[in-house]
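The next block holds one structure in the form of structure tokens; read it before the comments.
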Amino acid sequence: MKNEINESSEELREEISESEGNKRWIVVPGETIVTGEDFLPGEGARREGEAVIADRFGLAEVAGRMIKVIPLSGAYIPRRGNVILGRVVDVLYNGWLVDIDSASSAFVLIDESPRFINRNEMDQFMAIGDMVAAKIWSIKGRGIDLTLKGRGLGKLEEGFVFRINPSRVPRVIGREGSMITLIKEKTGCNITVGQNGWIWIKGQDIESEIKARKAVEFVADKVHVDGLTEKMEAWFQEN
Amino acid sequence: MAIKRPSGRGFDEARKMDAKVGIIPNADGSAMFSFGDTIAIAAVYGPRQLHPQHMQNPQTGILRVNYDLLSFSVADRKKPGPSRRSQEISKVTEWALLPVLNLEGFPNTVVDVQIYILQADAGTRTAGINAASMALAHAGIPMKNLVCSVAVGKLDTEVAVDPDNAEEHFEGGEGHTDMPIAKIGNTDEFTLLQLDGKIPPEKFTDALNMGNKVCSEIYEIQKNALKKFTEVEA
């Protein structure tokens, strides 16, 4: 029985590395990724003597000497430069507190809003419960700072927001935005995908908005299929 | 030594084990683990903000485990809600899992683990630990290794691994004995060792070796379940 298990995991490893082109395979925490002094453990990996060991569950990637583990599941981990969607949970004296569906709360400083805002009229710009698209500007020990300066950022008016698994976000966006551009074109909707898995859709009418949402959920569910963009086009033909 | 196990298994033979990852869509990580008729599910939420605030630790994240039997998991309905037993097992499970976790990257936060027993036929805490360790990996929590856990019992004077309910309450001879153990993946480090009943010192090594053997089987099952999940899901 043990042999069977080993064999099937070996096969799996080969299949994945082949389909991806570069070397990638699934590892579990504590599993040795490679052995040898030449390799450098990157994110999600650590060195123990000769071996480089996975620190978390995910796809191990060998890029030159660098070894890293790409997460496949789990909660959103904020990174600098990420565009995220959030909900204003409090208006404080010098900014807004935003829930971004992650372990630490985020803050938008009043100076980081796109135009000058009088401190006495802050809630006229953004009040509690408003949705906002923002970019992570810095991550410090105690909290995340956001900025609203940038294209497509700011308070989200109308439309609706829903949530997908954050690990599916790269797939929804597609290579250089190919997937999301296709969905936008086919439905005529305005879509903002936050790296935290929150997605905002606003279209001409409710029908196209629902169609866009269904399309996004279709991509998020169909996982690891080659030529997903083509599949998406076929899906639009049918629906 | 003509004694036979009521279940007909060999003394070093565990029940049929099964594992599955990603069973609860709303959780950040989830898993199921079963030993025969004992089924445990575990869901992991977080790292997320910890309330009440006075429990927050600015140096590291904390782990909070909640273990409970569902009311229909046993023959006589179990009154829902925390009990002395479930609180103890929650704490013991927490200690069994904590040594492999690295939560220093998530200060002031909590990782919540909910373990529920769908069906109880002895060995629920060990099944819970196995499920929780897979669920934590699935949630992408940084960890050193997986945790494998199994109980070793004793029928009269014979040690037997992974006893079921009938065997755990074997009252003949030296009476009922149960020793749950948990260890870190494929290493020799133990994170849980409890003993209810008596095991003579000369039998103790046998008992540990039996547990070790089954733990390495569990480790393979857990690893395989995690890899299989990605085959279908990602």
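The values are calculated or read from the model by the stated rules, or taken from the named source; none is laboratory data. The model shown is predicted, which means the values in this text are computed figures rather than measured ones. Here the Cβ positions follow ideal geometry from the backbone for every residue, glycine too, while neighbour counts run over all protein chains shown. When the accessible area is computed, the model is the full protein with side chains, heavy atoms only, and any ligands, DNA or RNA have been set aside. Shrake-Rupley method; radii C 1.70, N 1.55, O 1.52, S 1.80 Å.
What is the interface area between chains B and A, defined as buried accessible area summed over both chains with a 1.4 Å probe, reported in Å² to the nearest 100? Let's see the in-between values first.
On the way: alone 11330 and 14030 Å², together 22810 Å².
About 2500 Å² of accessible surface is lost on pairing.
Taking 0.36 nm per residue of separation and subtracting the Cα-Cα distance, what length does fully extending A:E207 through A:A234 add?
Working: separation 27, 0.36 × 27 = 9.72 nm, distance 1.92 nm.
Result: 7.8 nm gained on full extension.
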Under a crude label model (7 Å from the Cα following the beta-carbon direction), how far is B:D206 from B:I23 in nanometres?
3.4
Straight-line reach check, A:K23, cutoff 27 Å on alpha carbons, 8 or more apart in-chain or any other chain, hits among lysines -> A:K2, A:K68, A:K222, A:K231, B:K20, B:K144, B:K223, B:K227, B:K228
Surrounding net charge for B:D12, when Lys and Arg each add one and Asp and Glu each subtract one, Cβ distance under 12 Å:
-2
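In region B:16-60, which trypsin sites (Lys or Arg not before Pro) fall in coil by DSSP and have 13 or fewer other Cβ atoms within 10 Å? List each step's numbers first, then the result.
On the way: sites: B:K16, B:K20, B:R48; in loops: B:K16.
Answer by residue number: B:K16.
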What is the spin-label model distance, in nm, from A:E43 to B:Q49 if the labels are put 7 Å beyond Cα along the C-beta direction?
2.4
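Return one whole number: the accessible area per residue of the protein assembly as shown in Å², for a 1.4 Å probe. Display every interim value, and only then the final one.
Details: 22810 Å² over 473 residues.
Ligands and nucleic acids excluded, the result is 48 Å² per residue.
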Simple SL model, points at 7 angstrom along Cα→Cβ for B:S216 and A:R65; separation in nm is 3.6
Accessible area (Å², 1.4 Å probe, nearest 10) - B:M17:
30
Set the Förster radius R0 to 45 Å, insert the Cβ-Cβ distance between B:R85 and A:E217 as r into 1/(1 + (r/R0)^6), and round the FRET efficiency to 0.05.
0.60
Given a Förster distance of 35 Å, report the FRET efficiency between A:E50 and A:R175 from their Cβ-Cβ distance, rounded to the nearest 0.05.
0.45
Of the heavy-atom accessible surface of region B:17-228 (probe 1.4 angstrom), what whole percent is carbon and sulfur?
51
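Quantify, in whole percent, the carbon and sulfur part of the accessible surface of region A:83-155 (1.4 Å probe; protein heavy atoms only).
Working: 1840 of 3840 Å².
Result for region A:83-155: 48 percent of the exposed heavy-atom area is carbon or sulfur.
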GNM on chain B, C-alpha springs below 10 Å: top fluctuator among B:L101, B:L195, B:L136?
B:L195
How much of the accessible area of region A:160-238, in percent, comes from carbon and sulfur atoms when a 1.4 Å probe is used?
45
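Where does each of B:H176, B:H51, B:H138 land when they are ordered by accessible area, with a 1.4 Å probe and the largest first? Provide the component values of the computation, followed by the final result.
Details: B:H176 55, B:H51 120, B:H138 15 Å².
Highest to lowest solvent-accessible surface, that is B:H51, B:H176, B:H138.
So how strong a dipole does region B:64-109 carry about its Cα centre when Lys and Arg Cβ are +1 and Asp and Glu Cβ are -1, to the nearest 20 debye? Could the numbers behind the result be given before it?
On the way: 7 positive and 5 negative charges, 59 e Å.
Result for region B:64-109 is approximately 280 debye, rounded to the nearest 20.
Work out the length of the dipole vector of region B:83-209 about its Cα centre, built from +1 on the beta-carbon of each Lys and Arg and -1 on the beta-carbon of each Asp and Glu, and round it to the nearest 20 debye. Don't jump to the answer; show the numbers that get you there.
Working: 9 positive and 19 negative charges, 110 e Å.
Here region B:83-209 has a charge dipole of around 520 debye.
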Rg and Dmax of chain A, Cα atoms only, in Å:
21.1, 70
A:W25, A:W96, ranked by accessible area, largest first (probe 1.4 Å):
A:W25, A:W96
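Of B:W95, A:W235, which has the most accessible area with a 1.4 Å probe, and how do the rest follow in descending order? Let's see the in-between values first.
Details: B:W95 145, A:W235 35 Å².
Ranking B:W95, A:W235 by accessible area, largest first, yields B:W95, A:W235.
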Going out from 0 in 20 Å bins, what whole percent of all Cα-Cα distances in the protein assembly as shown drops into each bin?
22, 49, 25, 4, 0
Return the whole-Å distance between the Cα centroid of region A:17-77 and the Cα centroid of region B:57-121.
29
Can you give me the relative contact order of chain B as a percent, contacts being Cα pairs under 8 Å and 6 or more apart?
22
Residues of region B:60-90 losing 20 Å² or more of accessible surface, assembly versus chain alone, probe 1.4 Å, please list them.
none
